[in-house]
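What follows is a set of notes on a single structure, which appears directly below.
Every number in this text was worked out from the coordinates using simple rules, so none of it is lab data. What you see is a predicted model; the values in this text were computed from it and never measured. For neighbour counting, all protein chains shown are included, and Cβ atoms are generated from backbone atoms with ideal geometry for every residue, glycine included.
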Ligand code: MF3
Ligand code: CO
Ligand code: CO
């Protein structure tokens, strides 16, 4: 069990892959509107990644995933498959983008609000955003990876929200999902200590109701068992000598 330490050359490649993934989210934002289908968003992202960025959409055919992006709407927690259903006013949607550029992965997701936001939709989008930032804030050399989930779950529970346990952040580089597993809940020490040059994601899935989830028969889409709203934000992070660098920041 070991976590790869990236060389300066590898870090340059991770910075580019991360930037491209964030650029896709910046690009797609104005398209996330009432009446658009998630299939249409998938096609726009696919074409942008392939034709403009000359990169590869990592989800496509990943363990059989059929599309180029993940779109998770309302009570969908993650890994939603784009389809021909139109978005409606009040929906919240997570769009999760992973690109491969020059062999390296950049992975990031954001929430988007469609039309007129609901109070609950607003609330879970904001709390999950804050959870990601709180997780990032603890990242620096010498810290056990479990500190991330510890900080996130304490905050989420204070807000009467719950943290999904079945899906985690992950090491990332030439592999999409590598060591370590980055849990978003309070757990015992992992024994894995952050070191400069490690790259990984933080991507807490936060539910307005209970933490339990189930998978749909499509074998991908994960939903909350109680059908409560769920939201998630994700960044790819590099541990630096003094703290961390977010590799998937928006240009805006
Ligand atoms: N991007 C997701 C993550 O954050 C993984 C999606 S895997 C897929 O780890 F196959 F569903 F695309
Ligand atoms: Co990820
Ligand atoms: Co992702």
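Annotations for the structure displayed:
- Within segment 203-250, considering residues that are touching a helix residue (DSSP H, G or I) at 6+ places or on another chain (Cβ under 6 Å) and away from ligand 3 (no atom under 16 Å from the Cβ), the one farthest from residue 150 (Cα to Cα): 229
- Looking only at segment 121-149, residues that are buried (at least 21 other Cβ atoms within 10 Å of the Cβ) and under 26 Å from residue 14 (Cβ atoms) come to 8 in all.
- Search result, residues across segment 81-117 that are within 13 Å of ligand 3 (Cβ to nearest atom) and within 13 Å of residue 37 (Cα to Cα): 95
- Residue within segment 154-168 that is over 22 Å from residue 227 (Cα atoms) and within 16 Å of ligand 1 (Cβ to nearest atom) present: no
- Within segment 45-72, the residues that satisfy the criterion of being away from ligand 3 (no atom under 16 Å from the Cβ) and buried (at least 17 other Cβ atoms within 10 Å of the Cβ) are 48, 53.
- For segment 133-171, a residue qualifies if it is closer than 22 Å to residue 213 by Cα and not in a helix (DSSP H, G or I), and the qualifying residues are 159, 160, 161, 162, 163, 164, 165, 166, 167, 168, 169, 170.
- Odd one out for residue 46, checked against (1) away from ligand 2 (no atom under 16 Å from the Cβ); (2) part of a loop (DSSP other than H, G, I, E, B); (3) without any contact (Cβ under 8 Å) to a residue 24 or more places away in the chain: (2)
- Any pair with Cβ under 8 angstrom, 6 or more apart, that starts in segment 209-222 at a residue that is farther than 20 Å from residue 95 by Cα and ends at one that is not in a loop (DSSP other than H, G, I, E, B): 209/162; 209/224; 210/162; 210/224; 211/162; 211/163; 212/224
- The residue of segment 29-43 that is surrounded by the most Cβ atoms within 10 Å (Cβ to Cβ), among those that are within 21 Å of residue 205 (Cα to Cα) and touching a residue at least 60 places away in the same chain (Cβ under 8 Å), is 32.
- Here residue 84 passes the criteria (1) assigned to a loop (DSSP other than H, G, I, E, B); (2) within 19 Å of the chain's Cα centre (by Cα); (3) without any contact (Cβ under 8 Å) to a residue 60 or more places away in the chain except the one numbered (2).
- The criterion of being surrounded by fewer than 23 Cβ atoms within 10 Å (Cβ to Cβ), in a helix (DSSP H, G or I) and touching a residue at least 24 places away in the same chain (Cβ under 8 Å) does not hold for residue 100.
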